[in-house]
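Down below is the structure, laid out as C-alpha cells.
The values are calculated or read from the model by the stated rules, or taken from the named source; none is laboratory data. No experiment lies behind these values; they were computed from the predicted model shown. Methodologically, a virtual Cβ is constructed for each residue, glycine included, from the backbone with ideal geometry; neighbour enumeration extends over all protein chains shown. With ligands, DNA and RNA removed, areas are computed over all heavy atoms of the protein, side chains included. Shrake-Rupley method; radii C 1.70, N 1.55, O 1.52, S 1.80 Å.
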Amino acid sequence: MIVARDGVLFIGNFRAEELALEFGTPLYVYDREVMVENYVRLRTAVRYSNTEILYSCKANSNAEILKVFRELGAGLDAVSPWEVLLGVKVGFEPRNILFTGNNVSEDELRFVKDLGAMVNIDSIQQLRRYGRLYPGTEVSVRINPGFGVGHHQKVVTGGASKFGVPLSQVKELLEVARNYDLKIVGLHAHLGSGILSPEPIVTVARTLLQLILSTGLTDVEFVDVGGGLGIPYREDEKPLDVEVLGSELTKLFEEFSERYGRRVRLVLEPGRYLVGNAGVLLTKVVDIKEIPLDGGGRKVFVGTDTGMNHLIRPALYDAYHRVVPVGKVGAEARILADVVGNICESGDVLAKDRLLPELKEEDILAIMDVGAYGYSMTSNYNLRPRPAEVMVFGSEVKLIRRRETFEDLVRTMTGLSI
Ligand code: LLP
C-alpha cells in the first residue's frame, strides 16, 4: 500500500524517507502488493471463463516485476526480441508470450520464433515474410481498426498510424495467409494508451469479433483487445470502471462463442494498469531558486537530483504526476513552484506550477504513479547513471536493480580504458 499516515508517506510498512536514506536517491520504489491488487481487480472483473491477461512489459521490464505477474498466472506481451528473451528467462512459457513487433527484421523474427513465442504480425509484407519462412504454421495478426484513443497524440496507435493492418486490407491479408497455408489463430488490436472509459475497448472487441464472422475465419483461438487501460494521475480523475469493462466484454464474448461454436480466448494486455500506481520515484531537493518576475511576483524552481533522464513522461507528453513531500504530506501550500531536474535543458521539468509546502534542501519528494514508463524510458543523457530500483513486500524490501556507476556509463565505449 502506498499511503500517507499522519503526514508521512508510507510504501508498505516503510517510511519513504527511510528508504531514501537506506538506498540513496534518486530511487524507484515499487510496492508488490499494489501490483497484485491491480491484477486481481482486473482479473476478477472479467468473468468470461476463457480470459488471459498478458502483462505488457514495455511498461516496466524489471525481471522481478515480470516474476510477480508470472506467479499470478499472467502471460506476457512483448514488443522486442529482448523482451521475449527476458520473458523466457524469468520462466514464462514461450506459448504464453505474444510478440507484437513493429518493423521487425528477418533476423528478429527468426530469433523470436526460435524461442517459441506466438508472433503477432503487423503488416501484409511481414505476413509474406513469415509465410515464406514458416509456411503452414499458426500466426496472429494485428488489425488497425481505423480509430484510436490515448492520453496524448503520441500514444494513439489506432487510426492513421504505422501500426497494424487496416480493415480495408484484410481481404489481401487473408489471401496472403491462404497462399502460405497459414492458420490465423489470433486477432489483435490496440487503440492507444491511457484509456479511462470502457467504451472504446468494448467497441474494438466488437469490431474484431465481427471481423471473424464477416471473413469466415474458422481457426481463431484468441482475440486480443489490446492494453491501454488508463489510471488516474490527477487528483480529480476517476479510475477506469473495470467492472463495467469486464461485464461488457463478458457479454460480448459469451454471445460470440455461442455463434462461433468455440470459446475463443479473450486477451487483454495492460501495462500501465498493472504497475503504474505501484511505483514512486524518490528524489532529494538539492536547490531552491527564486526568480523575480517582470511585473512583480516570483517564480520558484525546486531543483532535484533526478530529471527527464529518469522520468521523461512530463517532458515528452506533458504528463502530470503528483509530487508529494514525503515528510509533510498535506501540509499547507506556501509556494507555487516548478519541480525541475538536473539536466541541461529548460524542458527538464517534472512538475509545473504546483502548490507545495515550504521546502528546503535535503527534503525528499515522491513523484507518484511512475511504475509504468518510468524506469523503462530512462536514459543516460548528460552521462548520468540510472537510479536503483527496490521492491517492497509488506515489511520486506529488496534491491531489484542497483544504481548505475561511471563504469556502466562507459562500458560500451571503445576509446577508454578504465
Ligand atoms: N499493447 C500494445 C500493442 C502496445 O503498444 C501497448 C503500449 C500496450 C499493449 C500497453 O499499453 P498500456 O496498457 O501500458 O497503456 N510511453 C507512453 C505509453 C506508450 C505505450 C505504448 N504501447 C506513456 O508513458 O504514457
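Near SER247, once Lys and Arg are set to +1 and Asp and Glu to -1 for all other residues with Cβ below 10 Å from its Cβ, the sum equals -1. If only the Cβ of Lys and Arg carry +1 and only the Cβ of Asp and Glu carry -1, the dipole of segment 1-52 around its Cα centre is close to 320 debye.
The percentage of C-alpha pairs in segment 32-271 whose separation is greater than 27 Å is 31%. Charging the Cβ of each Asp and Glu at -1 and of each Lys and Arg at +1, and nothing else, the dipole of segment 57-146 about its Cα centre rounds to 160 debye. Pick out, from PRO385, GLY146, GLY116, the residue whose Cα sits farthest towards the positive end of the charge dipole of the chain, with +1 on the Cβ of Lys and Arg and -1 on the Cβ of Asp and Glu. Highest projection toward the positive end goes to GLY116.
Charge tally around GLY374: other residues with Cβ under 13 Å, Lys/Arg +1 each, Asp/Glu -1 each, net +3. The listed residues THR306, THR412 rank as THR412, THR306 when sorted by accessible area, largest first, using a 1.4 Å probe.
Rounded to the nearest 20 debye, the dipole size of the chain about its Cα centre is 800 debye, using +1 on the Cβ of Lys and Arg and -1 on the Cβ of Asp and Glu. Ranked from largest to smallest solvent-accessible area, with a 1.4 Å probe on the protein heavy atoms, LEU173, LEU252, LEU399 come out as LEU399, LEU252, LEU173.
Dividing the convex hull volume of the alpha carbon atoms of segment 267-356 by its residue count, what do you get in Å³ per residue? Mind dumping the intermediate values first?
Numbers: hull volume 11.1 nm³, N = 90.
Spelled out: Cα convex hull of segment 267-356, divided by residues, is 123 Å³.
Cross-link check: pairs LYS89/LYS154; LYS89/LYS183; LYS58/LYS154 evaluated at a Cα-Cα cut-off of 22 Å; pairs beyond the cut-off: LYS89/LYS154; LYS89/LYS183. Taken as Cα centroids, segment 77-115 and segment 302-340 sit 36 Å apart, rounded to the nearest whole angstrom.
Taking other residues whose beta carbon is less than 12 angstrom from the beta carbon of VAL267, and scoring Lys, Arg as +1 and Asp, Glu as -1, yields -4. Candidate cross-link partners of LYS113 among the aspartates and glutamates, defined by an alpha-carbon separation under 18 Å and a same-chain spacing of 8 or more, comprise ASP77, GLU83, GLU93, ASP122, GLU138, ASP181. Per the Cα gyration tensor, segment 160-296 maps to an equivalent ellipsoid with semi-axes of 42, 19, 14 Å, ordered largest to smallest.
With Cα atoms defining each centre, segment 348-381 and segment 225-289 are spaced 24 Å apart in the structure. SER379 sits with roughly 40 Å² accessible to a 1.4 Å probe, with DNA, RNA and ligands left out of the calculation. Here the Kirkwood formula puts the hydrodynamic radius of segment 324-413 at 15.7 Å, using every distinct Cα pair. For LYS328, the lysines whose Cα comes closer than 30 Å to its Cα, not counting residues fewer than 8 places off in the same chain, are LYS238, LYS284, LYS289, LYS299, LYS352, LYS360, LYS398. Backbone N atoms of segment 232-257 closer than 17 Å to the 7 Å Cα→Cβ label point of ARG47 belong to residues 242-257.
Restricting to Cα atoms and excluding each atom paired with itself, what does the Kirkwood estimate give for the chain in Å? Walk me through the intermediate numbers first.
Working: mean 1/r = 0.0438 Å⁻¹.
Averaging 1/r across every pair of different Cα atoms and inverting gives 22.8 Å.
Compared with the alpha-carbon gap, the fully stretched path from ARG132 to ASP107 is longer by 7.6 nm at 0.36 nm per residue.
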